[in-house]
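Novice: There's a structure below that I have some questions on.
The values are calculated or read from the model by the stated rules, or taken from the named source; none is laboratory data. Keep in mind the model is a prediction, meaning the values are calculated, not measured. Note that we place each Cβ from the backbone using ideal geometry, even for glycine, and neighbour counts take in every protein chain shown.
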Amino acid sequence: MNRKVSVAPMMDCTDRHDRFFLRLMSKSVLLYTEMVATKSALHGDRKKILAYSPEEKPLALQVGGSDKKELSEVAKIAEDLGYDEININLGCPSKKVQKNKFGACLMKEPNLVSECVNEMVNSCNIPVTAKTRIGFDDTEDFDYLNKFILKIKEAGCKTFILHARKAILKGLSPKQNLNIPKLNYEMVYKIKKENPDLEIIINGGITKIEEIKNHLKLSDGVMIGRSIYQNPYFLIEIEREIFKTNNNPSREEVVEKLLEYLEKEVKLGTKVNHIMRHSVGLYHGQIGSKNWKRYLSDNMMARDSDFQKAKHIMSIAQNNEKANSVIL
Ligand SMILES: Cc1cc2nc3c(=O)[nH]c(=O)nc-3n(C[C@H](O)[C@H](O)[C@H](O)COP(=O)(O)O)c2cc1C
């Protein structure tokens, strides 16, 4: 598995339609699902919750839970469904997640996490990975983090995604927890240095190619969330500069393919807005960005948006392409 660059799991963002859209721009990055609670995966509408298109692969399922039996069952299901990796969420600080005893609060319980990971590793043949923070509340301590990681490594996990910011479990909203306190990349580099046998992926606040290149000198991969969601065409730069691929699609070509997918999905009953909402940032920083966003919000973001409106959006894409190529 190539984990040089991955797109972070993001609730309400990286659903299967978003992942399909992102894949139109990058074949090389690893994609993650939004976090799925074990109980939803086991007792919910599994077809809907765990469905994906083959084009999305390589694809990792992120799961939230702390019941080892449930986690191991979901790991097996993930493998059977063809997911390429299963990842346990040990980094989400939200109150709801804490109440259900998963996410970042599990950093306080290394033994329990180790048992859970062990069961997962024993129940499937796909890699079991962990996404965690560098600390929580008053604990931002290298030795604590290193011991936590070693405990999970003993259970069979070899890949760790470290969001380089501690989680504040009380007093901050999930949104604030993504921006405060400040990032500490050095802690992640030190973990890699201390554990050269582990695959260490760094996450948090990465927005530029130069930053990716610098992080790759001191860690095995980067995971990027918001800057790809807000500016998905950043993936093309990543393809070109990091993976050295050529013949990447223009934005117009991306829209063309997205509309083909939209047409197919609408026939299956998917709502137009469920797909198009992910494309708001496609023209980020480009001429025509406002027109694109305005057309989407006026015509394609309502629950009952009409597919026929999609036809006109292609001409906006063509006009934008022309306007930006004149500038170049
Ligand atoms: C809207 C949103 C939803 C998120 N949902 C999840 C999630 O389901 N699982 C998870 O591990 N992290 C989640 N995160 C955290 C991201 O995966 C990532 O760790 C964080 O955004 C920092 O990376 P970034 O600065 O590149 O965005 C979420 C972040 C955002 C902004």
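So that you can scan it fast, the table gives a plain yes or no per residue for (1) under 21 Å from Arg226 (Cβ atoms); (2) within 19 Å of the chain's Cα centre (by Cα); (3) acidic (Asp, Glu):
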{"position": "Arg133", "(1), (2), (3)": "yes, yes, no"}
{"position": "Asp138", "(1), (2), (3)": "no, no, yes"}
{"position": "Asp143", "(1), (2), (3)": "no, no, yes"}
{"position": "Ala164", "(1), (2), (3)": "yes, yes, no"}
{"position": "Ala167", "(1), (2), (3)": "yes, yes, no"}
{"position": "Asn179", "(1), (2), (3)": "yes, yes, no"}
{"position": "Met187", "(1), (2), (3)": "yes, no, no"}
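Novice: When the residues of region 237-269 are narrowed to those that are among the β-branched types (Val, Ile, Thr) and under 30 Å from Ala130 (Cβ atoms), which ends up nearest to the ligand (Cβ to nearest atom)?
Specialist: Ile238
Novice: I've got another one for you. Go over the candidates Lys170, Lys193 one by one and state the one that is under 20 Å from Val97 (Cα atoms) and either away from the ligand (no atom under 12 Å from the Cβ) or part of a strand (DSSP E or B) (or both).
Specialist: Lys170
Novice: Next up: Considering only residues of region 120-134 that are of a type in the set (A, V, I, L, M) and in a helix (DSSP H, G or I), which is surrounded by the most Cβ atoms within 10 Å (Cβ to Cβ)? Please lay out each step first, then the result.
Specialist: Filtering region 120-134 down to residues of a type in the set (A, V, I, L, M) leaves 120-121, 126, 128, 130, 134.
Next, only the ones that are in a helix (DSSP H, G or I) stay: 120-121.
On the way: Met120: 29, Val121: 19.
My answer is Met120.
Novice: Could you check Ile236 against (1) within 20 Å of the chain's Cα centre (by Cα); (2) more than 27 Å from Ile313 (Cβ to Cβ); (3) touching a residue at least 12 places away in the same chain (Cβ under 8 Å) and say which number it fails?
Specialist: (2)
Novice: So which residues in region 157-167 are within 11 Å of the ligand (Cβ to nearest atom), at pLDDT 95 or above and not in a loop (DSSP other than H, G, I, E, B)?
Specialist: Correct list: Ile161, Leu162, His163.
Novice: Look through region 196-229, keep the residues that are within 12 Å of the ligand (Cβ to nearest atom) and part of a strand (DSSP E or B), and return whichever of them is surrounded by the most Cβ atoms within 10 Å (Cβ to Cβ).
Specialist: Ile202
Novice: How about region 235-264: which of its residues are part of a helix (DSSP H, G or I), surrounded by fewer than 21 Cβ atoms within 10 Å (Cβ to Cβ) and not charged (D, E, K, R)?
Specialist: Across region 235-264, the qualifying residues are Ile236, Leu259, Tyr261.
Novice: Give region 302-328 a look and list any residue that's exposed (fewer than 15 other Cβ atoms within 10 Å of the Cβ), of a type in the set (A, V, I, L, M) and farther than 11 Å from Arg251 by Cα, or say none.
Specialist: Answer for region 302-328, where residues must be exposed (fewer than 15 other Cβ atoms within 10 Å of the Cβ), of a type in the set (A, V, I, L, M) and farther than 11 Å from Arg251 by Cα: Ala302, Ala323, Val326, Ile327, Leu328.
Novice: Return only the number of the condition from (1) within 21 Å of Ile152 (Cα to Cα); (2) assigned to a helix (DSSP H, G or I); (3) within 14 Å of the ligand (Cβ to nearest atom) that Met187 does not satisfy.
Specialist: (3)
Novice: Still on this structure, please answer the following. In region 140-152, is there at least one residue being buried (at least 21 other Cβ atoms within 10 Å of the Cβ), within 20 Å of Glu70 (Cβ to Cβ) and either modelled with pLDDT under 95 or of a type outside the set (Phe, Trp, Tyr) (or both)?
Specialist: Within region 140-152, one or more residues are buried (at least 21 other Cβ atoms within 10 Å of the Cβ), within 20 Å of Glu70 (Cβ to Cβ) and either modelled with pLDDT under 95 or of a type outside the set (Phe, Trp, Tyr) (or both).
Novice: Just for region 40-63: of the residues that are in contact (Cβ under 8 Å) with a residue 40 or more places away in the chain, out of contact with any helix residue (DSSP H, G or I) (no Cβ under 6 Å at 6 or more places or on another chain) and of a type outside the set (A, V, I, L, M), which one is nearest to Val97 (Cα to Cα)? Steps first, please.
Specialist: Just the residues of region 40-63 that are in contact (Cβ under 8 Å) with a residue 40 or more places away in the chain, to begin with: 56, 58-60, 62.
With out of contact with any helix residue (DSSP H, G or I) (no Cβ under 6 Å at 6 or more places or on another chain) added as a condition, the list becomes 58-60, 62.
Restricting the remaining residues to those that are of a type outside the set (A, V, I, L, M) gives 58, 62.
Details: Pro58: 27, Gln62: 14 Å.
Only one residue tops the list, namely Gln62.
Novice: Would you check if there is a residue in region 242-250 being hydroxyl-bearing (Ser, Thr, Tyr) and modelled with pLDDT of 95 or more?
Specialist: Filtering region 242-250 down to residues hydroxyl-bearing (Ser, Thr, Tyr) leaves 245, 250.
If we keep only those that are modelled with pLDDT of 95 or more as well, we get 245, 250.
Checked against the condition, which is being hydroxyl-bearing (Ser, Thr, Tyr) and modelled with pLDDT of 95 or more, region 242-250 yields at least one hit.
Novice: Another question, if that's okay. Return the pairs, sorted by first residue and then second, in which the second residue is modelled with pLDDT under 90 and of a type in the set (A, V, I, L, M), the first residue lies in region 293-305 and is within 18 Å of Leu258 (Cβ to Cβ) and outside any helix (DSSP H, G or I), the beta carbons are less than 9 Å apart, and the residues are 6+ apart or on different chains.
Specialist: Met300/Ala310
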